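The values are calculated or read from the model by the stated rules, or taken from the named source; none is laboratory data. In this text, all values refer to a predicted model and were calculated from it rather than measured experimentally. Positions of Cβ are backbone-derived with ideal geometry, glycine not excepted, and every protein chain shown enters the neighbour counts. The accessibility values were calculated without ligands, DNA or RNA, using every heavy atom of the protein model including side chains. Shrake-Rupley method; radii C 1.70, N 1.55, O 1.52, S 1.80 Å.
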Amino acid sequence: MVKDQHSEIYQGQMSAMANPLVAYSLIKRLQSEWLNVVYSTEANENIQDFKASYEKEDHNLPKFEDLQGAAQALMRLQDVYALSVNGLANGRFQRFSFSEAVDIIKLNVSTDLSADDCYHVGKVAYEMEDYYHAILWLEEAAQLFREAPGTWNTEDEGSLESVLDYLAFSYFKMGNISKAMNLSQELLAHDPSNKRVSRNIKKYQRLLASSAATSPNVILQRPNSTYLQTRTKYEWLCQTLGSQPTHYKDPRLYCDFYTGKNQMLLFKPMKREIFSLEPYVVLYHSFISDSEADKIKELAVPGLHRSIVASGEKQSPAHYRISKSAWLKDTSHTVISNVDKRIAALSSLNVQPPYAEYLQVVNYGIGGHYEPHFDHATSTSSPVYKLNTGNRVATFMIYLSSVEAGGSTAFIYANFSVPVVKNAALFWWNLHKNGQGNGDTLHAGCPVLVGDKWVANKWVHEYGQEFQRRCSSNPEE
Ligand SMILES: O=C(O)CCC(=O)C(=O)O
Ligand SMILES: [Fe+2]
């Protein structure tokens, strides 16, 4: 049966993996379900061959932390895009609008999640002591197990009993004792000899009888660990998927063919879309060609590593930036040096090292994101100063791919988001002309809902630009 499910997925195009539900269930099948099947009694025939071939492939298969990451990605998508868990379990991306579930995107390739898939997401949340998500996913798992009583698949790790056990404890932790008791009683009916559950029921009864018990109407709230001061705005900007209609109401935000002061551009003007004046943010359409984008991605693949962020003087991975990245030198290929030349022509900035960093290529996988941040250093000990060429004065960010949904670039305080436009480049100044960081540039890469997002960053530093960008003591400029 598992084999059939695998062939089903492999026969679909690779783009099926762009769907986070397909990606999650495939990772789960390869990580834990294979293991369950290999070590099951059903696998008795040809057991040696079966185990040997599993062990041979083991190092290529996703690890437990990959599965945990995929489950966390689903919960991130659920939160940021306000998706219903029931919709996700049915292979759909739905949001409630006036108490009606509405599809926010329809896909040709999707997959339902099994009861065990939902159980696993719930368990990942439970283990992080995130009872909010645990309850939502375990409720879905319990419902799916209840709908098919007595059926259990070899590849499953969970069962209705295990779901009820975790669910009851999650409700208990959230202060909803009567729910915890009802679920424990349901569990006891399936497993009457379970002494631990009987003891728990007695404890819940005592608590309910005493004044220590809290109201059963405790509201489920998202955990504080995902707290961000700007979260509501960030999520709203992500949900609109870029290009707010209000953006077009201001006549100063226009589109033109830009030639600047550069001869190269006179022959081939650049399509410029002004997104914002304060901070100054513009999108240059068709900044690179499809073949250049493909080449940059190809050059980056061997060097991709989990992205890191500055934390004090050091750099380390962080839950708020989930992606892989690689650095490409201008000398690594003519495509890279040509991109540098084009950036210099457009911005008149000096992008020669060490006045700019190498090109950073970033790939966001399922649920990949970069929460609100500044590109410039906000502390003097930041690694940004390692080049000894000052702070990051400007960002040039090229979209090397499109995405099917999500992944827009949200400017939180400036109140707009830019959709992913393949081959376009987004430019903005990070610093005021007096060298101070511009707080209005706070921005984020929204989680990728469906697709495989690639961008390339070119960060230009302050030094070397003295004649290109004159300083000013006016803090407004
Ligand atoms: O991916 C995006 O849209 C934003 C990326 C970003 O801000 C960064 O890499 O610094
Ligand atoms: Fe950034």
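The C-beta contact set for region 89-111 (first residue touching a residue at least 24 places away in the same chain (Cβ under 8 Å), second residue open to solvent by less than 50 Å² (accessible area, probe 1.4 Å) and among the acidic types (Asp, Glu), distance under 6 angstrom, 6+ apart or interchain) comprises Ala89/Glu140. As for region 366-386, it holds no residue that is modelled with pLDDT under 95, away from ligand 1 (no atom under 13 Å from the Cβ), assigned to a strand (DSSP E or B) and surrounded by fewer than 15 Cβ atoms within 10 Å (Cβ to Cβ).
Residues checked against (1) away from ligand 1 (no atom under 13 Å from the Cβ); (2) under 23 Å from Ile105 (Cα atoms):
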{"site": "Val418", "(1), (2)": "no, yes"}
{"site": "His432", "(1), (2)": "yes, no"}
{"site": "His443", "(1), (2)": "no, no"}
{"site": "Lys453", "(1), (2)": "no, yes"}
{"site": "Arg469", "(1), (2)": "yes, no"}
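Restricting to region 344-365, name every residue that is within 16 Å of ligand 1 (Cβ to nearest atom) and within 21 Å of Tyr463 (Cβ to Cβ). Within region 344-365, Ala356, Glu357, Tyr358, Leu359, Gln360 meet the criteria. Scanning region 190-204 for residues that are over 14 Å from Ser162 (Cα atoms) and under 41 Å from the mean Cα position of the chain (by Cα) gives Asn200, Ile201, Lys203, Tyr204. For region 337-356, the criterion of being within 13 Å of ligand 2 (Cβ to nearest atom) and either modelled with pLDDT under 95 or open to solvent by 10 Å² or more (accessible area, probe 1.4 Å) (or both) is satisfied by no residue at all.
Selection of first residues in region 362-385 that are within 11 Å of ligand 2 (Cβ to nearest atom) and of second residues that are open to solvent by 40 Å² or more (accessible area, probe 1.4 Å), restricted to Cβ pairs under 6 Å at least 6 apart or on distinct chains, gives the following pairs, ordered by first then second residue: Glu371/Tyr320. Condition check for Trp137 on (1) surrounded by 23 or more Cβ atoms within 10 Å (Cβ to Cβ); (2) at pLDDT below 95: one failure, at (2). Go through the residues of region 178-190 one by one and say whether even a single one is open to solvent by 50 Å² or more (accessible area, probe 1.4 Å), of a type in the set (Lys, Arg) and in a helix (DSSP H, G or I). Yes, some residue in region 178-190 is open to solvent by 50 Å² or more (accessible area, probe 1.4 Å), of a type in the set (Lys, Arg) and in a helix (DSSP H, G or I).
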